Amino acid sequence: MITVGVVTHRSADVLPGLLDSLPQGLAGVPDWRLVVADNASTDGSVELVRRRVPEAVVIQTGGNRGYAAGVNACAAADPRARALLLLNPDVRLRRGAVAAMLAEGATPGTGIVVPRLVDVDGRLAHSLRRRPTIGRALGEALFGGRRAGRFAALSEVVTDPAAYTRPATCDWATGAVMLVTRGCLDAVGDWDESFFLYSEETDFALRAADAGFVLRLAPTAEAVHVGGEVHTSPRLWALLTANRVRLFARRTGPVRGAAFWSAVLVGEGLRAARGGRSATTHRAALGMLLRQRRNILGGRCVDFSP
């Protein structure tokens with residue numbers, strides 16, 4: 001059996017599309033169980049799951065405890081499962097995606113498998129990532145992720161389309177769809193709930209690499225990721241930016257963390273000064289980086305309340 005884990009928080013608008021895609025996405029996988037960890041939804045998400053998939057296991061976490069807490073609840077639902085397939089509520093699996101991911105996961109040493117992600121218009125999503133470094137943070141700040149992504153030293157984002165057409169390994173990847181093997185879960189341990197939202201998948205993937213596990217792309221597995229909210233929400237973008245720096249500082253120490261913070265600060269400042277529709281979003285990130293500097297560089301939780 002594999003556990004199909006979904007973490008929900010007011011997800012009723014997007015859940016039906018995901019639930020409808022599960023039979024085709026899991027075609028060829030004979031034994032799986034849906035586990036939904038709900039973080040205090042008030043929009044009928046729980047009732048929707050129970051109505052549409054009566055056999056699903058629904059775990060109510062008792063509050064909005066964050067994505068990592070939901071992942072840990074899903075992982076604990078059946079410790080005997082051979083793997084945990086994590087799905088955002090706003091993804092839709094293409095036919096046979098999970099079987100292809102499981103086949104890739106059978107490669108010795110594999111801990112995490114991700115599919116090829118596309119957006120709702122079928123365009124490739126650049127979901128593969130390189131390990132964060134100060135140089136990459138500065139490259140993205142000055143040139144932007146898409147342009148800098150053509151050079152491995154200048155960006156975390158892998159933008160070469162050819163990289164998504166063949167089996168490949170990478171340091172981490174967008175966590176919208178992620179298959180984690182039982183061996184990896186047992187060795188690496190729980191997802192870090194202090195991140196609440198964003199960078200928790202980066203942290204887990206880097207810890208998996210520390211433990212000797214490989215993250216692989218299954219290029220024949222495909223999923224649609226609706227996404228997009230983080231780029232329009234100042235509050236969410238600020239949290240993503242702060243947690244990105246906090247993770248780096250926690251892994252490398254306050255001195256290198258301060259250099260990384262400075263590079264990210266430059267990038268957010270340049271984009272805020274440029275104006276346009278995204279200026280408010282980048283100003284929010286800039287403000288959080290400045291207000292929460294001590295917590296961020298100390299590796300502590302940040303206050304992202306409105």
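Looking at Ala272 and the list (1) surrounded by fewer than 22 Cβ atoms within 10 Å (Cβ to Cβ); (2) of a type in the set (A, V, I, L, M); (3) closer than 18 Å to Ser155 by Cα, which single condition is not satisfied?
Of everything listed in (1) surrounded by fewer than 22 Cβ atoms within 10 Å (Cβ to Cβ); (2) of a type in the set (A, V, I, L, M); (3) closer than 18 Å to Ser155 by Cα, Ala272 misses just condition (3).
Considering Leu128, Leu93, Leu85, Leu124, which residue is over 19 Å from Trp191 (Cβ atoms), out of contact with any Cys (no Cβ under 8 Å at 6 or more places or on another chain), surrounded by 16 or more Cβ atoms within 10 Å (Cβ to Cβ) and at pLDDT 95 or above?
Leu93
Which of the following residues is outside any helix (DSSP H, G or I) and open to solvent by 10 Å² or more (accessible area, probe 1.4 Å): Gly17, Gly28?
Going through Gly17, Gly28 in turn, just one is outside any helix (DSSP H, G or I) and open to solvent by 10 Å² or more (accessible area, probe 1.4 Å): Gly28.
Of all residues in segment 196-237, which are at pLDDT below 95 and either among the basic types (Lys, Arg) or open to solvent by less than 10 Å² (accessible area, probe 1.4 Å) (or both)?
The answer is Arg235, and nothing else.
Read through the list (1) assigned to a helix (DSSP H, G or I); (2) in contact with a Lys or Arg (Cβ under 9 Å, 6 or more places away or on another chain); (3) open to solvent by less than 50 Å² (accessible area, probe 1.4 Å), then give the number of the only condition that Asn72 fails.
Failing condition for Asn72: (2).
Take segment 49-65 and flag every residue that is in contact with a strand residue (DSSP E or B) (Cβ under 9 Å, 6 or more places away or on another chain) and open to solvent by less than 50 Å² (accessible area, probe 1.4 Å).
Within segment 49-65, Val49, Val53, Ala56, Val57, Val58, Ile59, Thr61 meet the criteria.
Please list, ordered by residue number, the strands (runs of 3 or more DSSP E) wholly in segment 122-226 having 3 or more residues that are touching a residue at least 60 places away in the same chain (Cβ under 8 Å).
177-181, 214-225
The values are calculated or read from the model by the stated rules, or taken from the named source; none is laboratory data. The shown structure was predicted, so the numbers you read here are calculated from the model rather than taken from an experiment. Using ideal geometry, Cβ is built from the backbone for each residue, glycine included, and neighbour counts are taken over all protein chains shown. Calculation scope for accessible area: heavy atoms of the full protein, side chains included, ligands and nucleic acids excluded. Shrake-Rupley method; radii C 1.70, N 1.55, O 1.52, S 1.80 Å.
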